[in-house]
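Before any comments, here is the structure.
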């Protein structure tokens, strides 16, 4: 999976948006390794929540091509503009929504491939409500206050064959996440992990239980 061009983004941009880092590239690696699965899925709609720079959704668009539609969501208006810019620079079409997770959806939408690199750093709850680039990494209690809000929406958001890719760290208590998603009917697979600067990053994939039995 080719990494998109994003060198036009500057240090000024990164004062307001999350700069592509180890977690970004580990996620891209995991998606590339899982590409045969994704291609068999042949997703009609790919969606990234918290697109930041737009590198991940643009990489998917460049790889999968025009047979799929692409949607990026971010609560940060600067990140929305950055995502639009990166997708345009790389010659792909990505629709961008300025919104909070999926609260903006007003009609039923089914997503075949969902990606989320959430704010996962353990912080005080107050930091989650902050402004600026800190919202991209401040995860509150257990680093899970943002991602935990999304989980109950997954059964209605994902299509019958839908797949959900999530970035976490060990501090997020992965066993608890697995249990929460299992109660919602999803099975988890750890695709990739890496230890960096005191953090243990993991990329996990969730699919509906019945898919695992096929």
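Bear in mind that the values in this text are calculations on the coordinates, not laboratory data. These numbers come from a predicted model, not from an experiment. Positions of Cβ are backbone-derived with ideal geometry, glycine not excepted, and every protein chain shown enters the neighbour counts.
Remarks
- The relative contact order of segment 126-214 comes to 26 percent, based on Cα pairs under 8 Å that sit 6 or more residues apart.
- In segment 32-131, the DSSP beta bridges split such that about 0 percent are antiparallel, to the nearest 5.
- Each of 41, 113 was scored by other Cβ atoms within 10 Å of its Cβ. Listed from fewest to most, they are 41, 113.
- Calculated FRET efficiency, residue 195 to residue 124, Cβ-Cβ distance, R0 = 25 Å: about 0.50 to the nearest 0.05.
- Approximate spin-label separation residue 7-residue 149, in nm, with each point projected 7 Å along Cα-to-Cβ: 3.7
- Using the average count of surrounding beta-carbon atoms within 10 Å as a protection proxy, the listed peptides 191-203, 142-154 rank, highest first, as 142-154, 191-203.
- Computed label-point distance, nm, for sites residue 42 and residue 141 using a 7 Å Cα→Cβ extension: 4.6
- Using C-alpha pairs under 8 Å with a sequence gap of at least 6, the mean separation divided by the residue count of segment 13-212 gives a relative contact order of 19 percent.
- Note on residue 105 and residue 209: the model spin-label points, each 7 Å out from Cα along the C-beta direction, lie 2.1 nm apart.
- Reciprocal of mean inverse Cα separation for segment 13-212 (Kirkwood radius, Å): 16.8
- Relative contact order computed over segment 54-108 (Cα-Cα under 8 Å; 6+ residues apart), in percent: 41
- Of all DSSP beta bridges in the chain, antiparallel share, percent nearest 5: 45
- Its DSSP H runs of at least 4 residues, each contributing -39,500 (n - 2.57), put the calculated 222 nm mean residue ellipticity of the chain at -8500 deg cm²/dmol, to the nearest 500.
- Taking the number of Cβ atoms within 10 Å of each Cβ as an exposure proxy, the fewest-first ranking of 37, 120 is 37, 120.
- Note on 137, 104: ascending count of other Cβ atoms within 10 Å places them as 104, 137, the fewest first.
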